[in-house]
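Notes for the one structure printed next.
The values are calculated or read from the model by the stated rules, or taken from the named source; none is laboratory data. Bear in mind the structure is a predicted one, so any value in this text is a computation, not a measurement. Quick reminder, even Gly has a Cβ in these numbers, built from the backbone with ideal geometry, and neighbours come from all protein chains shown.
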Ligand SMILES: NC(=O)c1ccc[n+]([C@@H]2O[C@H](COP(=O)([O-])OP(=O)(O)OC[C@H]3O[C@@H](n4cnc5c(N)ncnc54)[C@H](O)[C@@H]3O)[C@@H](O)[C@H]2O)c1
């Protein structure tokens with residue numbers, strides 16, 4: 001049984017903590033919002049305004065703090081405040097705690113922001129007195145508790161092999177595939193790319209919907225068919241190698257051809273324009289010979 005602290009007990013924090021509780025671990029929730037604490041306590045949960053590690057054995061401290069955007073950028077102020085408070089709590093302990101970044105953060109945050117902040121506030125050294133790790137959350141808000149209990153993918157990152165092992169031991173019983181990384185920035189990148197990929201697919205089909213609506217066509221049966229015909233949709237390994245622009249005949253022809261069709265019927269396709277632009281950029285950068293171009297579809 002592990003000792004677990006959840007710092008930031010909102011959607012992700014409470015799903016995480018409740019999942020660990022059900023698995024038999026000892027969990028304490030921390031949050032700065034009084035209504036949130038009242039709500040957790042009303043459910044019989046151990047919830048506090050401050051993290052207190054005095055007298056605690058080695059624990060996992062999960063940072064599930066908010067990381068909203070402000071325009072084009074992340075606002076890490078609440079995340080940093082909560083992390084600094086964890087650093088101050090680490091000053092009061094000699095146990096070898098593991099601080100786990102579970103929030104979605106821009107790549108580089110765990111080692112560029114969390115590590116120096118914890119060291120500054122605690123007067124202790126990461127990698128010696130405590131360790132840091134990344135473990136991004138993939139749950140969906142609508143089914144948060146269930147998704148935590150039955151993950152399909154668990155990503156763990158730490159420079160410390162022992163910490164990777166300990167976290168894998170804690171999370172493996174929930175099932176799903178476990179992927180280990182040494183560099184926390186790679187795990188942070190995974191989570192950002194995961195969300196951006198989902199967003200891109202949704203925008204892709206919305207853009208197609210605008211064209212189909214303009215042509216008087218029902219998108220649903222079209223999209224459902226393409227979801228099974230297009231290799232990019234059904235083959236997870238297709239098209240994921242960076243630095244390889246598409247080429248051949250069909251993809252360049254039909255992307256540009258369809259842009260002309262859209263223009264003729266007065267529908268903007270900024271995503272398709274961007275697809276062509278990115279490909280041109282990469283083709284220029286790698287300047288491959290035509291017969292070396294990697295991705296071809298009939
Ligand atoms: N909601 C989702 O579906 C989801 C899924 C995966 C990942 N994430 C990521 O998880 C992180 C948390 O998201 P969320 O949806 O749970 O946010 P949330 O707003 O529901 O919860 C954050 C909690 O942190 C508390 N908090 C703020 N400052 C604090 C501090 N200094 N100390 C302690 N607690 C503090 C807030 O009061 C709030 O209860 C974000 O990085 C988010 O991007 C969210």
Q: Those residues that are out of contact with any strand residue (DSSP E or B) (no Cβ under 7 Å at 6 or more places or on another chain) and either more than 9 Å from the ligand (Cβ to nearest atom) or assigned to a loop (DSSP other than H, G, I, E, B) (or both), I need them from the range 1-18; list them, please.
A: 10, 18
Q) out of contact with any strand residue (DSSP E or B) (no Cβ under 9 Å at 6 or more places or on another chain) and in a helix (DSSP H, G or I) - does that describe any residue in the range 120-128? A) yes
Q) Out of (1) in contact (Cβ under 8 Å) with a residue 40 or more places away in the chain; (2) in contact with a strand residue (DSSP E or B) (Cβ under 6 Å, 6 or more places away or on another chain), what's the single condition that is false for residue 180? A) (1)
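For the range 123-141, how many residues are farther than 20 Å from residue 170 by Cα and within 16 Å of the ligand (Cβ to nearest atom)? So that I can check it myself, show each step before the final result.
So the first thing to find is which residues in the range 123-141 are farther than 20 Å from residue 170 by Cα, and the list is 123-126, 128-129, 140-141.
Then keep just the ones that are within 16 Å of the ligand (Cβ to nearest atom); that gives 140-141.
Looking only at that region, the number is 2.
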**Q.** Some residue of the range 101-109 being away from the ligand (no atom under 14 Å from the Cβ), surrounded by fewer than 23 Cβ atoms within 10 Å (Cβ to Cβ) and either in the same structural domain as residue 145 (by TED's automatic domain parsing) or in contact (Cβ under 8 Å) with a residue 60 or more places away in the chain (or both)
**A.** yes
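One line per residue, one yes/no per condition, for (1) within 11 Å of the ligand (Cβ to nearest atom); (2) out of contact with any helix residue (DSSP H, G or I) (no Cβ under 7 Å at 6 or more places or on another chain); (3) closer than 17 Å to residue 144 by Cα; (4) part of a loop (DSSP other than H, G, I, E, B):
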| position | (1), (2), (3), (4) |
| --- | --- |
| 20 | no, yes, yes, no |
| 29 | yes, no, yes, no |
| 35 | yes, yes, no, no |
| 38 | no, yes, no, no |
| 52 | no, no, no, yes |
| 57 | no, yes, no, yes |
| 62 | yes, no, yes, no |
| 65 | yes, no, yes, yes |
Q: Give just the number: which of (1) loosely packed, with under 14 Cβ neighbours inside 10 Å; (2) part of a strand (DSSP E or B) does residue 116 not satisfy?
A: (2)
Q | residue 89 being more than 26 Å from the chain's Cα centre (by Cα) and either within 8 Å of the ligand (Cβ to nearest atom) or crowded, with 22+ Cβ neighbours inside 10 Å (or both) | A | yes
Q | Unique residue being in the same structural domain as residue 162 (by TED's automatic domain parsing) and more than 9 Å from the ligand (Cβ to nearest atom) when the list is 94, 83 | A | 94
Q: Mind counting the residues in the range 138-154 that are modelled with pLDDT of 95 or more and surrounded by 20 or more Cβ atoms within 10 Å (Cβ to Cβ)?
A: 1
